[in-house]
1. Has the stretch 59-78 got at least one residue that is under 30 Å from Asn103 (Cβ atoms), hydroxyl-bearing (Ser, Thr, Tyr) and at pLDDT 85 or above?
2. Can you list residue pairs whose Cβ atoms sit under 6 Å apart, with the first residue in the stretch 11-22 being at positive phi and the second being not in a helix (DSSP H, G or I)? Count only pairs 6 or more apart in sequence or on different chains.
3. Are there any pairs with C-beta distances below 9 angstrom linking a residue in the stretch 75-95 that is under 21 Å from Thr50 (Cβ atoms) and touching a residue at least 24 places away in the same chain (Cβ under 8 Å) to a residue that is among the β-branched types (Val, Ile, Thr) and surrounded by fewer than 14 Cβ atoms within 10 Å (Cβ to Cβ), with the two at least 6 apart or on different chains, and if so which?
4. Among the residues of the stretch 9-46, which ones are surrounded by fewer than 16 Cβ atoms within 10 Å (Cβ to Cβ) and touching a Leu at 6+ places or on another chain (Cβ under 9 Å)?
5. Of all helices (runs of 4 or more DSSP H) completely enclosed by the stretch 6-88, which ones contain at least 3 residues that are within 28 Å of Asp106 (Cα to Cα) and under 12 Å from the mean Cα position of the chain (by Cα)?
Amino acid sequence: MSDFFNDYFNIKRMIEEKREYKQQMARVDAMPEDYKFVFKKIQSHMWMFTTGAGYDMMEVHNDLVELFESGIVNNKRVLQITGDDVAAFCEELLLNCKTYTENWRDKLNREIHEKLDEK
């Protein structure tokens, strides 16, 4: 129960995360248009899959900002950073996050094993 309250009702943490998010988005807004466009598309795609309070997604979000800023400094095109398959790039970013798909996979496996282990 404590984890639940720490994730969902921790006002101090929520305020800190919101402040950090706003700072990250200011950095995104300073990016060239192509980077900004791709970042926001990736962001909206990834947030569809996050579960819980989304705190682990904030770390991925920050890493993506830093990766894109590095690409800008090195004069790379945004697709040189992500590759042509941006969806696959997103999947790689999500590997370290709790996602709904992870929950659905766990539920599927758990239900099958519970039923089959009965016999």
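The values are calculated or read from the model by the stated rules, or taken from the named source; none is laboratory data. Computed from a predicted structure; not experimentally measured. Neighbour counts run over all protein chains shown; Cβ positions are idealised from the backbone, glycine included.
1. No, the stretch 59-78 has no match at all.
2. Cβ pairs passing all conditions: none.
3. Leu94/Thr101
4. Within the stretch 9-46, Asp34 is the sole residue that qualifies.
5. Correct list: 33-47, 55-73.
Results for (1) at pLDDT below 85; (2) farther than 26 Å from Gln80 by Cβ, shown as yes or no for each residue.
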| site | (1), (2) |
| --- | --- |
| Phe5 | yes, yes |
| Lys12 | yes, yes |
| Arg19 | no, yes |
| Ala26 | no, no |
| Ser44 | no, no |
